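Colleague: If you scroll down you'll find the structure; I have some questions about it.
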Amino acid sequence: MNRSTIYAASFLLLLVTVGRADAQWSRFRGPNGSGVDSSVGYPVEFSKTKNMAWKASVPYGQSSPIVVGTRVYGTASNGDRLITFCLDTRTGRELWRREVRRERPQIAFKTNDPASPTPAADESGVVAFFPEFGLVSYNNDGKTRWTFPLGPFKNFYGMAGSPIIDGSTVVLICDQQTGSFVIAIDRATGRQRWKTDRPGMTIGWSTPMIFRPDATHTDLIVLGSTRLDAYDFASGAQRWWLPVASSGALGTPLVHRDTLIISTLGSNEPWMPTFAELIPGLVAASARHPDPARTEAVALLGTWDDRWSLTSTETSLAVFWGEALWERGKDQAAPRTQCRRCFRARHRRAFLAHAPIRKGHGWRVPPSVYG
């Protein structure tokens, strides 16, 4: 089986019911990045002879297909050509195929691909992101509406985050070795609405999602290599953030009612100790050397359940003290020959937080925590 056939096969499970109005998959991982479709009636078995509506050959690309109405969109590459194509969901017939050239060719890790990011679409057409070109928007008939140059990027493994469309705005996360940012583009005109730098963020491949905690706020939720960020969707201003420990941001955050769920790439032995490991030592040290100014705060941490919350005083204390103690102890570097675990034990209070705490990484507690 060649690469093109493998890629085409990823369509087939969708195509039995995509003609229905409720069967939409307009972005990476479907509705708001959840990976869940609310419609029913999909087959649980399919093969070349069972539940296959049609089969079509398409050029190779590692992006995922998306479905809006009666159109399937996909992206691919062939040499210096970056391809966006559109198929009819009812017949598999190719409606159009368009190309742009690789403006800024880059070397990426061998398992990546120039067409790794998944496009996003709505009833008016599709937007594709090619890291070696930028963003390109086509209408339903394949006519170019606008282009927005981006890059070159500095990412050893290459870029893979996908754009999303919400209402009249296209949003893209571009996390790289340096100069990471999130950008919002006007869906109709291709003009930049806002751009927000993401200091301290290194390489990542996540795709954002939309969170509406109440009727007055629309947040853009972004999973990064060291932080989970919420940005005001209208302005790009950072609303809040929480630290995470990760070897690289992948996938998309999920929302269930008022709860956000994330997964991170990492190990079951993080290089920074956990709160559960360090706080008992802090409490014991406070008992040996009481400080009236901190007694109440230490007592709160001693009974903390280690859960993060925007309204948690303990969260505020952990982050605030973690940053302050790092500043105090940062010059006491461990000798290269010294056991790192022993060094942590001796300076445990300087490593209060479970995620890396470095000067310049933007540690700030949300105002709602202790304003």
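Each reported figure results from applying straightforward, stated rules to the coordinates on display, with no laboratory input. Bear in mind that the values here come from a model prediction, so they are computed numbers and not experimental data. Here the Cβ is made from the backbone with ideal geometry for all residues, glycine too, and neighbour counts use every protein chain on show.
Colleague: Between D166 and residues 5 or more places away or on another chain, which pairs have amide H atoms under 5 Å apart, with H built 1.01 Å from N, and which residues are they?
Modeller: V171
Colleague: What does the extension gain come out to for K143 and A237, with contour length at 0.36 nm per residue minus their alpha carbon separation?
Modeller: Between K143 and A237, full extension yields an extra 30.5 nm.
Colleague: Going by a ≥ b ≥ c, the root eigenvalues of the Cα gyration tensor, does the stretch 163-266 fall in the rounded group (a/c under 1.5), the prolate group (a/b larger than b/c) or the oblate group?
Modeller: Oblate.
Colleague: OK, next. Return the sequence-ordered ³J(HN,Hα) values of the stretch 74-89 in whole Hz as given by the Karplus equation 6.51 cos²θ - 1.76 cosθ + 1.60 applied to θ = phi - 60°, using x for Gly and Pro.
Modeller: Rounded to whole hertz, the list is x, 10, 7, 9, 8, x, 9, 9, 10, 10, 10, 9, 9, 10, 7, 5.
Colleague: Sticking with this one: Give me the percent relative contact order of the stretch 1-158, please, defined on Cα pairs under 8 angstrom at least 6 residues apart.
Modeller: The value is 19 percent.
Colleague: Order of R257, R227, R212 from fewest to most other C-beta atoms within 10 Å?
Modeller: Fewest to most other Cβ atoms nearby, the residues stand as R257, R212, R227.
Colleague: Can I ask one more? Relative to the compact-globule scaling 2.2 N^0.38 Å, provide the ratio for the alpha-carbon radius of gyration of the stretch 1-158.
Modeller: Dividing the Cα Rg of the stretch 1-158 by 2.2 N^0.38 Å gives 1.03.
Colleague: Put a dot 7 Å past each Cα toward the Cβ at R90 and F156; how far apart are the dots in nm?
Modeller: 5.1
Colleague: Taking the highest mean first, how do the peptides 176-186, 125-135 order by number of other beta carbon atoms within 10 angstrom per residue?
Modeller: 125-135, 176-186
Colleague: Now for a different question. Which of the trypsin sites (Lys or Arg not before Pro) found in the stretch 109-150 are loop residues per DSSP with 16 or fewer other Cβ atoms within 10 Å of their Cβ?
Modeller: K110, K143
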